[in-house]
Amino acid sequence: MAAIDDLVRLVAPPVVPVAASGDWTRVESALGLQLPADFKALLGHYGVGQFDDIWLRTLFLPGNLVEHALAQLDLHRPYLSEGHLPYPDRLRVLRSVLAPTADRGTFDNDRGGRQDHFKAVNRDWLLTYETAYGHQIRVAFAPEDADTVRVVIGEAARAMGCQIVSAQTIAGDLIWVDD
């Protein structure tokens, strides 16, 4: 039995949970990561609420944290050629160029698709390096860092033995076309 089933048995969810459902694909795309199924199930059952001193915040209320965060950040998606190094070595090189970094989670779909989420601590950038949805580096950053992002990610791609073959904004607009 899944942990969520145990919780539902112990603590009955509301009959009509508030803001419990929405477009998870859009949220995950905006965040640049795949959210755990048990997190989505928890929000699906309970919506906005509180367990003693633990608050559940849903992503489907107007003005939610995701929308607020995305309004403060730009997100660029440079797509890369494969290069000659294996994925773990490319990840190590990328993180060394952006050091120091802090882990934010990893996802592996067991079919060769992987996502490694981390933060470039001194730059305050959130990154996802992945092959799950194409070989890409997703980087969320303050708009004033756009020029630096372009230079540093270009340097990182070269150090990884890759080339940037295209890059897009979160809206799908092509950028960096003269590189």
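Assorted remarks:
- Measuring r between the beta carbons of residue 133 and residue 3 and using R0 = 22 Å, the FRET efficiency lands at 0.20.
- Sorting the segments 79-86, 168-175 by their residues' average number of neighbouring beta-carbon atoms within 10 angstrom, most packed first, yields 79-86, 168-175.
- Solvent-accessible heavy-atom area per residue, rounded to whole Å², over the chain at 1.4 Å: 57 Å²
- FRET efficiency for residue 89 and residue 54, using Cβ-Cβ distance with R0 set to 41 Å, rounded to 0.05: 0.55
- Calculated [θ] (222 nm, deg cm²/dmol) that DSSP helices of n ≥ 4 give over the chain, each run adding -39,500 (n - 2.57): -9500 deg cm²/dmol
- Heavy-atom accessible surface of segment 1-60: percent carbon and sulfur, 1.4 Å: 60 percent
- Cα shape, segment 1-47, gyration tensor, a/c 1.5 rule: oblate
- Inter-site label distance for residue 110 and residue 96 at 7 Å from Cα along Cβ, in nm: 3.3 nm
- Cα-centred dipole magnitude for the chain, charges only on beta-carbon of K, R (+1) and D, E (-1), debye, nearest 20: 200 debye
- Listed residues 122, 172, 105: farthest to the positive end of the dipole of the chain (Cβ charges): 105
- With viscosity 1.306 mPa s and temperature 10 °C, the Kirkwood radius over alpha carbon pairs of the chain converts through Stokes-Einstein to a diffusion coefficient of 89 µm²/s.
- Neighbourhood net charge (15 Å Cβ-Cβ; Lys/Arg +1, Asp/Glu -1) for residue 109: -3
The values are calculated or read from the model by the stated rules, or taken from the named source; none is laboratory data. Everything numeric here is computed off the predicted structure, so don't read it as measured data. Heads up, the Cβs are rebuilt from the backbone with ideal geometry, glycines too, and the neighbour counts pull from every protein chain shown. Only protein heavy atoms, including side chains, enter the accessible area calculation; ligands, DNA and RNA are left aside. Shrake-Rupley method; radii C 1.70, N 1.55, O 1.52, S 1.80 Å.
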